[in-house]
Amino acid sequence: MFFMKIVFGLGNPGNEYAATRHNVGFMAVERLAAEHGCQLKESRFRSIAGEAMIHGQPVLLAMPQTYMNRCGPALEEILETFSEPPESSLIIMDDFHLSLGAIRIRKRGSSGGHNGLKSIEASLGTREFARLKIGIGGFDKEEPIEFVLGEFSIAEMEEIQTAVHLAAKAAETWIESGIEEAMNFYNRKELTQSNE
């Protein structure tokens, strides 16, 4: 039983990165905060953070301000402050191995080359934390770094907004009912916004 659950969205700080593919984790946390009246303005834990009650449970929503490849220490500080284990965290992140708009939840796993997850693994010394991946589509001729730091097209952003909505709902399920329930429902291949 965890006292405080942490939803930790990955991204890069600054307006120049706000609409990039790498920042869908921030987008999902902002959506979750908006839906639960949470003010994401406190600067602490090297993050923009806010606390909310979601389905009767205390939750810390956080967006690290340390840049993607150095986000691990921010989560480590949060866990130490609240004396919580890594399993009390849900990391929301982009994944270019998933098709655009798809979401997948995993109980644990490797970084898959994602620099944010690499940093978290290095700081926590474990892979035992849940992650919610939002598909940003694959890249063709671009280098991976150019792709993830690029912005979505207008058409792509429509799909991403739907995915961000689903990610926020999946995070709510994780908070209320746990990782297995969230995986069972939101990892279905044909899930759409109408399936809530």
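The values are calculated or read from the model by the stated rules, or taken from the named source; none is laboratory data. Quick caveat, the model's predicted, so the values are computed rather than measured. Glycine also receives a Cβ, built like all others from the backbone with ideal geometry; neighbour counts cover every protein chain displayed.
Looking only at residues of region 29-54 that are surrounded by 14 or more Cβ atoms within 10 Å (Cβ to Cβ) and of a type in the set (Lys, Arg), we find that the one that is farthest from the chain's Cα centre (by Cα) is Arg44. Can you tell me which residues in region 91-123 are in contact with a helix residue (DSSP H, G or I) (Cβ under 7 Å, 6 or more places away or on another chain), charged (D, E, K, R) and part of a loop (DSSP other than H, G, I, E, B)? Residue satisfying the conditions is Lys107 alone. Considering only residues that are touching a residue at least 60 places away in the same chain (Cβ under 8 Å) and out of contact with any Ser or Thr (no Cβ under 9 Å at 6 or more places or on another chain), look in region 27-55 and name the one that is nearest to Ile78 (Cα to Cα). Looking at residues that are touching a residue at least 60 places away in the same chain (Cβ under 8 Å) and out of contact with any Ser or Thr (no Cβ under 9 Å at 6 or more places or on another chain), I get Val29.
Here is a yes/no grid of residues against (1) within 19 Å of Tyr17 (Cβ to Cβ); (2) at pLDDT 95 or above:
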| site | (1), (2) |
| --- | --- |
| His55 | no, no |
| Pro58 | no, yes |
| Pro73 | no, yes |
| Glu84 | no, yes |
| Ser88 | no, yes |
| Met93 | yes, yes |
| Phe96 | yes, no |
| Ile105 | no, yes |
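Which ones in region 81-111 are more than 14 Å from the chain's Cα centre (by Cα) and among the aliphatic types (A, V, I, L, M)? Scanning region 81-111 gives Leu98, Leu100.
Looking at region 8-19, can you tell me whether even one residue there is in a helix (DSSP H, G or I) and either surrounded by 15 or more Cβ atoms within 10 Å (Cβ to Cβ) or under 15 Å from the mean Cα position of the chain (by Cα) (or both)? Yes, region 8-19 contains a residue that is in a helix (DSSP H, G or I) and either surrounded by 15 or more Cβ atoms within 10 Å (Cβ to Cβ) or under 15 Å from the mean Cα position of the chain (by Cα) (or both).
Tell me whether region 119-127 contains one or more residues that are among the polar types (S, T, N, Q), closer than 25 Å to Phe147 by Cα and at pLDDT below 95. Among the residues of region 119-127, not one is among the polar types (S, T, N, Q), closer than 25 Å to Phe147 by Cα and at pLDDT below 95, which makes the answer no. Residue-level check: of (1) free of Cβ contacts under 8 Å to residues at least 12 places away in the same chain; (2) under 23 Å from Ala33 (Cα atoms), Leu166 misses just (1). For Glu156, the requirement of being out of contact with any Ser or Thr (no Cβ under 8 Å at 6 or more places or on another chain), part of a helix (DSSP H, G or I), surrounded by 14 or more Cβ atoms within 10 Å (Cβ to Cβ) and without any contact (Cβ under 8 Å) to a residue 60 or more places away in the chain is met. Listed by first and then second residue, the pairs linking a residue in region 9-26 that is at pLDDT 90 or above to a residue that is polar (S, T, N, Q) and surrounded by 24 or more Cβ atoms within 10 Å (Cβ to Cβ), with Cβ atoms under 6 Å apart and 6 or more places separating them unless they lie on different chains, are Gly11/Asn23; Tyr17/Asn23.
Scanning region 124-143 for residues that are within 19 Å of Phe26 (Cβ to Cβ) and either in contact with a Gly (Cβ under 6 Å, 6 or more places away or on another chain) or outside any loop (DSSP other than H, G, I, E, B) (or both) yields Ala130, Arg131, Leu132, Lys133, Ile134, Gly135.
Selection of region 79-99 for residues being in contact with an Asp or Glu (Cβ under 8 Å, 6 or more places away or on another chain) and surrounded by 17 or more Cβ atoms within 10 Å (Cβ to Cβ) yields only Pro86.
Among the residues of region 54-90, those identified as in a loop (DSSP other than H, G, I, E, B) and within 18 Å of Gly113 (Cβ to Cβ) are Tyr67, Cys71.
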